[in-house]
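Colleague: Mind looking over this structure? Questions follow.
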Amino acid sequence: MRLDNHSSRILLTRSKYDNEALKKELDGLGVDSICWSAIRVKKEPVLNLKTLVPPDIVIFTSKPAVEYGLDSIRDMLSTEIYAIGKSTAKALTNQNIKKVIVPEVETSEGLLKLESLSDVKNKKILLVAGKGGRNLIQKELTSRGANMNKIAVYRRENNTISTEILQQIKHFSPTILLATSVDILKSTIKNIPL
């Protein structure tokens, strides 16, 4: 798809983390955009960390996983730290975690294809993630013989839209809607008459 910088008006519906960076890039290209986060991220209480055995491997699934989970487990970080994507890795390096392994394909599937995660039998792996989700990483690494623990340090909730923001979006009259997940699309459809 080719953007016409003069007539394309994009409604960005991702999290505040992602909307801000993308809006800046689009502004630099001369593309008009407006932001509204269809999903909001809320911190989850992390309980019973004292019962966790220090892991051999720690995997962070997202920037919110780093923001809400790193301080809780910093004293048990292992030498093998993984991030699903570059932005999650950057969030870790911004917190003085220097060596982070990132797959070339920045997805759960890409992470699972890494050679270093192919033989994890009897390894203790801690997955730092959000509540819910696909559980693909946990299931697959368990099937490879890993001893998995997952801590859910945040949850995603549908956002609600204020009358003022809704009017701004209607006035902006977007020609393109960017929704990067089914949950984001559902929340957008629920809140914004398209």
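The values are calculated or read from the model by the stated rules, or taken from the named source; none is laboratory data. Worth saying up front: this structure is predicted, and the values here are computed from it rather than measured. Ideal geometry is used to build each Cβ from the backbone, glycine not excepted, and the neighbour counts take in all protein chains shown. Quick note on the areas: whole protein, heavy atoms, side chains included, nothing else; ligands and nucleic acids left out. Shrake-Rupley method; radii C 1.70, N 1.55, O 1.52, S 1.80 Å.
Colleague: Along the Cα-to-Cβ line of Gln95, 7 Å from the Cα, sits a label point; which residues in the range 143-183 have backbone N less than 20 Å from it?
Modeller: 149-157
Colleague: Please compute the length gained on full extension between Phe172 and Glu106, using 0.36 nm multiplied by the number of residues separating them and subtracting their Cα-Cα distance. List each step's numbers first, then the result.
Modeller: Working: separation 66, 0.36 × 66 = 23.76 nm, distance 3.23 nm.
Between Phe172 and Glu106, full extension yields 20.5 nm more.
Colleague: Scan (1) 59; (2) 42; (3) 38 for the value of percent of Cα pairs over 27 Å apart calculated from this model and give just the label.
Modeller: Correct label is (3).
Colleague: Sorted by mean Cβ packing within 10 Å, highest first, what order do the peptides 53-65, 159-171, 101-113 take? Don't jump to the answer; show the numbers that get you there.
Modeller: Values: 53-65: 21.6, 159-171: 12.8, 101-113: 15.6.
Going from most to least packed, we get 53-65, 101-113, 159-171.
Colleague: To continue, here is another question. Add +1 for every Lys or Arg and -1 for every Asp or Glu among the other residues with Cβ under 11 Å from the Cβ of Tyr154, and state the total. Kindly include the intermediate steps, with their values, before the conclusion.
Modeller: Details: positive: Arg40, Lys42, Lys43, Lys63, Lys131, Arg155, Arg156; negative: Glu44, Glu67, Glu157.
Local net charge: +4.
Colleague: Would you mind counting up the charge near Arg14? Only other residues with Cβ under 12 Å from its Cβ, with Lys and Arg at +1 and Asp and Glu at -1. The partial results should precede the final answer.
Modeller: On the way: positive: Lys16, Lys23, Arg40, Lys63, Arg156; negative: Asp18, Glu20, Asp183.
Residues close to Arg14 contribute a combined charge of +2.
Colleague: With the full set of protein chains in place, find how many percent of the accessible area of the range 19-128 is carbon and sulfur; take the probe as 1.4 Å.
Modeller: Values: 3060 of 6060 Å².
Of the solvent-accessible surface of the range 19-128, carbon and sulfur hold 50 percent.
Colleague: Provide the per residue accessible area, probe 1.4 Å, for the range 1-94, rounded to a whole number of square angstrom.
Modeller: Here the per-residue accessible area is 55 Å².
Colleague: Moving on to the next point. Given the rule -39500 (n - 2.57) for each run of at least 4 DSSP H residues, summed and divided by the residues of the chain, what is its mean residue ellipticity at 222 nm, to the nearest 500 deg cm²/dmol? Kindly include the intermediate steps, with their values, before the conclusion.
Modeller: On the way: 7 runs with 65 residues, N = 194.
Here the helix-only value at 222 nm equals -9500 deg cm²/dmol.
Colleague: Could you check which residue among Leu29, Leu136, Leu70 shows the biggest mean-square fluctuation in a GNM of the chain with a 10 Å Cα cutoff?
Modeller: Evaluated over the chain, the most mobile residue of the options is Leu29.
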